[in-house]
Amino acid sequence: MSSVPPPERTLSRTRAAAHLLAALGLVGLSLLAWASAASAHRASTTSLGTALPPDVAAAAGDQLGPGRAVVLGLVEGVTEYLPVSSTGHLTVVERVLGMTDESTKDARDAYAVVIQAGAILAVLVLYHRRLLDAAKGAITLPAHARAGVSRWTDGERVAAALAVGVLPALVTGFLLEKKIKEHLFGAWPVVAAWVVGGLVLLALSKTGWWERRPTGTALVDITVRDALIIGVAQCLALWPGTSRSLVTIVAALLVGLRLSAAVEFSFLLGFLTLGAATAYDALKHGPDIVNAYGVFSPALGFVVAFVAAVAAVRWMVTYLEHHDLAIFGWYRLGIAAVTVGLLVTNTI
């Protein structure tokens with residue numbers, strides 16, 4: 001797909017990407033410094049009273065050494081944009097690693113925010129030109145709309161589609177966050193979602209739908225209606241194990257986008273959706289991350305998630321140029337079976 005810059009692109013683009021990484025690195029260090037300072041302030045200010053108790057902070061620190069930080073970062077980075085559900089994998093892997101202490105649950109959730117940010121950064125780096133065009137379109141679109149300009153630029157169309165596509169999941173997630181965490185964040189709900197999603201992918205492959213589907217439209221030709229349908233479908237991914245990538249890619253194909261466009265829109269939509277959710281959680285629990293785990297383990301998990309996500313996205317883009325999504329259907333059924341085995345034997 002042309003969206004992912006190949007190695008032979010010009011040196012100026014390479015330098016631009018390097019400058020972008022450097023800037024984002026400074027932002028990341030600034031956020032960690034802010035979290036560290038805020039954590040110290042919380043601990044020393046009795047009026048706030050929200051710092052983790054010493055015994056809880058110690059238990060959290062014991063549960064997340066560098067080794068586990070690498071494992072969780074790797075799992076997040078590899079699975080975030082593949083149609084296999086990163087949340088489902090993290091839910092099961094945390095149990096396998098013995099990270100089940102209820103007193104440290106908030107700290108674990110906060111750490112997941114950090115490593116998810118690494119995966120989000122991967123899409124920003126790989127698709128920075130498309131995101132920059134969309135950002136420019138978002139700035140010019142209101143003025144053009146007021147002026148009655150009927151022909152939008154490519155950036156304006158993509159910006160409008162992303163704005164419409166991201167809203168349903170953000171609103172639904174905000175309204176149902178507590179209920180979702182209470183009832184769906186468990187191994188058995190994840191298994192059920194893995195199985196259903198796997199069967200859907202295999203059924204589509206079995207019927208030959210992948211081969212028969214039309215070539216489809218390019219990303220810049222996406223309509224607001226198409227984006228709304230994809231955005232509503234994304235709400236299904238609030239059930240852990242479903243996979244946001246799965247439902248958005250399939251929905252995009254069903255509304256007529258070509259496979260390359262469907263995958264790219266899924267990644268861009270994920271960047272906005274996950275970015276908003278991560279920012280919300282970071283503002284809410286950011287100081288708890290440093291309070292529980294310090295700086296090194298979160299930073300290590302962030303870097304590992306970023307590198308793994310870059311590799312996973314590049315692999316998926318190349319793989320889907322010549323294959324369908326059936327392999328992910330088989331994988332989902334396989335990981336569901338393994339998880340059931342771990343559950344019935346009380347291993348997790």
With the first residue restricted to the stretch 153-177 and required to be closer than 12 Å to residue 270 by Cα, and the second required to be assigned to a helix (DSSP H, G or I) and among the charged types (D, E, K, R), Cβ contacts under 9 Å at 6 or more apart or on different chains are 165/226; 169/244
- Query: Quick check, is residue 334 free of Cβ contacts under 8 Å to residues at least 12 places away in the same chain and under 22 Å from residue 204 (Cβ atoms)?
  - Reply: yes
Picked from the stretch 236-246 (must be of a type in the set (A, V, I, L, M) and surrounded by fewer than 23 Cβ atoms within 10 Å (Cβ to Cβ)), the residue nearest to the chain's Cα centre (by Cα) is 238
Going residue by residue through the stretch 303-318, is there one that turns out to be on the phi < 0 side of the Ramachandran plot and without any contact (Cβ under 8 Å) to a residue 40 or more places away in the chain?
yes
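Does residue 169 qualify as being farther than 15 Å from residue 254 by Cβ and assigned to a helix (DSSP H, G or I)? Break it down into steps so the answer makes sense when it comes.
Numbers: farther than 15 Å from residue 254 by Cβ: yes; assigned to a helix (DSSP H, G or I): yes.
For residue 169, the condition - farther than 15 Å from residue 254 by Cβ and assigned to a helix (DSSP H, G or I) - is met.
Give the residues of the stretch 267-298 that are of a type in the set (A, V, I, L, M) and crowded, with 18+ Cβ neighbours inside 10 Å, sorted by residue number.
If the condition is that a residue be of a type in the set (A, V, I, L, M) and crowded, with 18+ Cβ neighbours inside 10 Å, then 268, 269, 272, 274, 277, 282, 289, 290, 292 are the ones that fit.
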Restrict the check to the stretch 183-193 and report whether at least one residue is in a helix (DSSP H, G or I), β-branched (Val, Ile, Thr) and surrounded by 18 or more Cβ atoms within 10 Å (Cβ to Cβ).
yes
Note on residue 257: of the conditions (1) over 18 Å from residue 219 (Cα atoms); (2) of a type in the set (A, V, I, L, M); (3) crowded, with 19+ Cβ neighbours inside 10 Å; (4) modelled with pLDDT of 90 or more, unmet is (1)
* Asked: Any chance the stretch 133-148 includes a residue that's more than 29 Å from residue 308 (Cα to Cα), of a type in the set (D, E, K, R), part of a loop (DSSP other than H, G, I, E, B) and free of Cβ contacts under 8 Å to residues at least 40 places away in the same chain?
  -> no
So, residue 172, is that one under 20 Å from the mean Cα position of the chain (by Cα), surrounded by fewer than 24 Cβ atoms within 10 Å (Cβ to Cβ) and over 20 Å from residue 309 (Cβ atoms) or not? yes
Counting only residues that are in contact with a helix residue (DSSP H, G or I) (Cβ under 6 Å, 6 or more places away or on another chain) and either more than 17 Å from residue 244 (Cα to Cα) or not aliphatic (A, V, I, L, M) (or both), the stretch 188-205 contains a total of 5
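Considering only the stretch 84-100, state which residues are part of a loop (DSSP other than H, G, I, E, B) and either within 11 Å of the chain's Cα centre (by Cα) or surrounded by fewer than 19 Cβ atoms within 10 Å (Cβ to Cβ) (or both). Don't jump to the end; show me each part of the working.
Filtering the stretch 84-100 for residues part of a loop (DSSP other than H, G, I, E, B) gives 84-85, 97-100.
Across the stretch 84-100, the qualifying residues are 85, 97, 98, 100.
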Inside the stretch 295-334, the number of residues satisfying the requirement of being closer than 21 Å to residue 107 by Cα and either in contact with an Asp or Glu (Cβ under 6 Å, 6 or more places away or on another chain) or not in a loop (DSSP other than H, G, I, E, B) (or both) is 11
Of 150, 103, the only residue that is surrounded by fewer than 20 Cβ atoms within 10 Å (Cβ to Cβ), more than 30 Å from residue 202 (Cβ to Cβ) and either of a type in the set (Lys, Arg) or in contact with a helix residue (DSSP H, G or I) (Cβ under 8 Å, 6 or more places away or on another chain) (or both) is 103
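The values are calculated or read from the model by the stated rules, or taken from the named source; none is laboratory data. The model shown is predicted, which means the values in this text are computed figures rather than measured ones. We place every Cβ from the backbone using ideal geometry, glycine too, and count neighbours over all the protein chains shown.
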